[in-house]
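**Student:** First, the structure itself, so that you have it in front of you.
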Ligand SMILES: Nc1ncnc2c1ncn2[C@@H]1O[C@H](COP(=O)(O)OP(=O)(O)O)[C@@H](O)[C@H]1O
Ligand SMILES: [Mg+2]
């Protein structure tokens, strides 16, 4: 794609989410970013990842600086590759075939900016055929700089019959930065392969966040995602899309906890391209403060027989939050069976009374109900990852209000 | 231990019950009978303090102090716990984890939980979400289990029998006996003659609720045989007339 097209695309707003003037942000210089262990610990504990992340993470990037020494050798031994995308593109020719394939650089201003100014930073992960990496791989992307644009490009390739459990924590310290995070993610799940992808976000009230994710799942492959965002932001917009081949499966779980004056526009889309494919979208949206949440979900049936189901639930705490739930199902195949259910409400007094009668105080009752509401059990995630999610949800629930 | 003194109960502006008196002592089992709509649920819930049921007159004394206006969770922590007639489903809250939480809060030893769960056969229900996707009988067994699990000093049981098969009625009665033997007193609302017979030796007193008040309080042998003879509604009308 020529530079001129890309420069033009820099003015192209996304069809979703509030438009943002990119000139507010500075682009970074490669190698920039200081590593302060205390700072990193602060962010990682917000993400439920605990302390000592510097020793645990397989890929850690703070601002522009990749702390590559933390990449695990164990993985390399098994033939897996974990590299900054820029290095992977330089060292391995074949990586080019996976780069900017699923996400077109001129999609909108955020993708264009990343292509133009991102220096191809971000992580590249490759798992060779038949290799099953059960232990979760942690990649962490932090920002500590003010008015800065972190523009990332991540590529994950899980080759045929392989397995990867990826956990990404993205966050900032709990303080004003006024920065932008864009993450372009292109994930390839091979034939009969499995990728689980857990993403936890903790931002600050003045952050702008625009992830762009597209996933392609080959024949008989499986993709499971679990997304948790619970902090205030200025605005966050994302609409990951997953294409399923024959017999492929996907479950997309998302938990959005809105707070402050934040705007969240969070979608999930599945395209059933192959026969016998099956997709499920589960979303829980909790509106607090004066937050505004758009919960989008879409399943397209292009081949059959196939199945798709959307479950989108919203819970409003307080009087000022707004949730808009927009489930869509669309089919061009008579044998695609697509269903959806959506509901929005407040915490039912009946449930509170019940818990009161068993000795819970009103506050404890609300916390327990919120915790239950947010609890999407995903048995396909590794136990350690479920623990991380559980801790995060407990933290969120403990902040339940009237 | 638990005493109702001249209690009136209302729902909103509507008075449902007047002048209810009852004294429940340690290890006693009190049975409340009454036709549908006579105010049995209102009575138990008002004692517990659950909205919209309200004690508008009289007082509830528990272990010597007036708890009439205490919020339900304070009463529960003191040892007065109601088992709902129809407990609400709470999605996402795993029954087993909730049970563990109750055990922790009420400091209950696991051997007691084991016995109760055995008798009430709730093991399979504990992996489900609370009262979600359960039959009527399953909900009853689970709710009775959870209530007794708190080792209350007084359990207020609202029709643990309805919708329950005979085998489960036997288990339910067995569970109540276990709790009685551990020192729990009970106020039991029931429509089951079968359950009354099973619990006969433990029943202290039977109270008949009719037309918004207790029209008769007496021993098992004064009340139950007439139910056996005239059927539930016939006997209750007759007892109501007798006063
Ligand atoms: N939540 C409520 N709101 C309004 N009225 C109620 C409520 N619960 C019970 N009532 C009324 O109070 C009366 C007694 O009902 P209830 O206590 O449920 O009787 P029982 O349990 O003996 O069948 C009935 O007339 C019923 O309509
Ligand atoms: Mg009733």
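Read the figures in this text as sums done on the coordinates, not as results from a lab. As the structure is a computational prediction, the values presented were derived from the model and not from experiment. Virtual Cβ from ideal backbone geometry, glycine too; neighbours counted across all protein chains shown.
**Student:** In chain A, what is the volume of the convex hull around the alpha carbon atoms, normalised per residue and reported in Å³?
**Tutor:** Expressed per residue, the convex hull around the Cα atoms of chain A is 134 Å³.
**Student:** For the range B:130-200, what class follows from the C-alpha gyration tensor (a ≥ b ≥ c being the square roots of its eigenvalues): rounded when a/c is under 1.5, otherwise prolate if a/b is larger than b/c, else oblate?
**Tutor:** oblate
**Student:** Same structure again: Points 7 angstrom from Cα along the Cβ direction at residue A:333 and residue A:37: gap in nanometres?
**Tutor:** Reported label-point gap for residue A:333 and residue A:37 is 5.3 nm.
**Student:** Could you calculate the FRET efficiency of residue A:92 with residue A:387 from 1/(1 + (r/R0)^6), where r is the beta carbon distance between them and R0 is 35 Å, rounded to 0.05?
**Tutor:** Working: r = 34 Å, r/R0 = 0.98.
With R0 = 35 Å, the Cβ-Cβ based efficiency is 0.55.
**Student:** Then there's this: Report, in cubic angstrom per residue, the convex hull volume of the C-alpha atoms of the range B:2-242.
**Tutor:** On the way: hull volume 28.2 nm³, N = 241.
Taking the convex hull of the Cα positions in the range B:2-242, it is 117 Å³ per residue.
**Student:** Would you give the gap between the C-alpha center of the range A:354-379 and the C-alpha center of the range B:64-140, rounded to a whole Å?
**Tutor:** Between the Cα centres of the range A:354-379 and the range B:64-140 lies a distance of 13 Å.
**Student:** Work out how much length residue A:116 to residue A:45 would gain on full extension: take 0.36 nm times their residue separation and subtract the Cα-Cα distance, in nm to one decimal.
**Tutor:** Working it through step by step, the gained length comes to 22.3 nm.
**Student:** Show me the ranking of peptides B:52-60, A:335-343 by mean Cβ neighbours inside 10 Å, starting with the highest.
**Tutor:** Per-residue mean Cβ counts within 10 Å order the peptides as B:52-60, A:335-343.
**Student:** While we're on this one: Sorted by mean Cβ packing within 10 Å, highest first, what order do the peptides B:135-148, A:37-50 take?
**Tutor:** Put in order of decreasing packing, that is B:135-148, A:37-50.
**Student:** Related question: Given an 8 Å cut-off on Cα distances and at least 6 residues of separation, report the relative contact order of chain B as a percent.
**Tutor:** 24
**Student:** While we're here: Determine, from the Cβ-Cβ distance of residue B:177 and residue B:51 and an R0 of 41 Å, the FRET efficiency 1/(1 + (r/R0)^6), rounded to the nearest 0.05.
**Tutor:** Using R0 = 41 Å, I get an efficiency of 0.80.
**Student:** Okay, next question. Across peptide B:68-76, how many C-beta atoms of other chains are within 10 Å of each residue C-beta, on average? Don't skip to the answer; put the middle values down first.
**Tutor:** On the way: counts 0, 0, 0, 3, 11, 11, 3, 3, 6.
Taking the mean over all residues of the peptide, I get 4.
**Student:** Now a separate question. Within 10 Å of each Cβ in A:365-372, how many Cβ atoms from other chains are there, averaged over the peptide?
**Tutor:** The shielding value for this peptide is 3.
**Student:** A further question follows. Restricting to the protein assembly as shown, what percent of DSSP beta bridges are antiparallel, rounded to 5?
**Tutor:** Rounded to the nearest five, the antiparallel share is 15 percent.
**Student:** Let me ask something additional. Could you sort the peptides B:2-15, B:21-34 by per-residue average Cβ neighbour count (10 Å cutoff), highest mean leading?
**Tutor:** B:21-34, B:2-15
**Student:** Any idea how far apart residue B:101 and residue B:238 come out in nm if each label point goes 7 Å out from Cα toward Cβ?
**Tutor:** If labels sit at residue B:101 and residue B:238, their model points lie 4.9 nm apart.
**Student:** Helix-derived [θ] at 222 nm for chain A: sum -39500 (n - 2.57) over DSSP H runs of at least 4, divide by residue count, nearest 500?
**Tutor:** Using -39500 (n - 2.57) per qualifying helix, the result is -5500 deg cm²/dmol.
**Student:** Restricting to the range B:106-243, what percent of DSSP beta bridges are antiparallel, rounded to 5?
**Tutor:** Details: 5 of 10 bridges.
Once the DSSP bridges in the range B:106-243 are tallied, antiparallel ones form about 50 percent.
**Student:** Moving on to the next point. Please compute the modelled spin-label separation between residue B:201 and residue A:16, points set 7 Å along Cα→Cβ, answer in nm with one decimal.
**Tutor:** 6.8
**Student:** Measure out, as a whole number of angstrom, how far apart the alpha-carbon centroids of the range A:128-185 and the range A:1-26 sit.
**Tutor:** Each part reduced to its Cα centre gives a spacing of 22 Å.
**Student:** Return a whole-number percent for the relative contact order of chain A, with Cα pairs under 8 Å and 6 or more residues apart as the contact set.
**Tutor:** Relative contact order for chain A comes out at 10 percent.
**Student:** Looking at the range B:198-243, I'd like the Rg to Rh ratio, where Rg is from alpha-carbon atoms and Rh is Kirkwood's inverse mean 1/r.
**Tutor:** Radius of gyration relative to Kirkwood radius: 0.95.
**Student:** How shielded is B:91-97 by partner chains, expressed as the average number of their Cβ atoms within 10 Å of its Cβ atoms? Display every interim value, and only then the final one.
**Tutor:** On the way: counts 6, 13, 8, 3, 0, 0, 4.
Mean shielding by partner chains, rounded to a whole number: 5.
**Student:** Of the beta bridges DSSP finds with both residues in the range B:2-242, what % are antiparallel, to the nearest 5? Before the final figure, lay out the partial values.
**Tutor:** Values: 24 of 42 bridges.
Approximately 55 percent, going by the DSSP bridge assignments.
**Student:** Mind listing the Cα extents of the range B:63-116 along all three principal axes, in Å, largest one first?
**Tutor:** Ordered largest first, the range B:63-116 gives principal extents of 34, 27, 17 Å.
**Student:** In whole Å, largest first, what are the principal axis extents of the Cα atoms in the range A:205-268?
**Tutor:** Taking the Cα atoms of the range A:205-268, the three principal extents are 43, 17, 11 Å.
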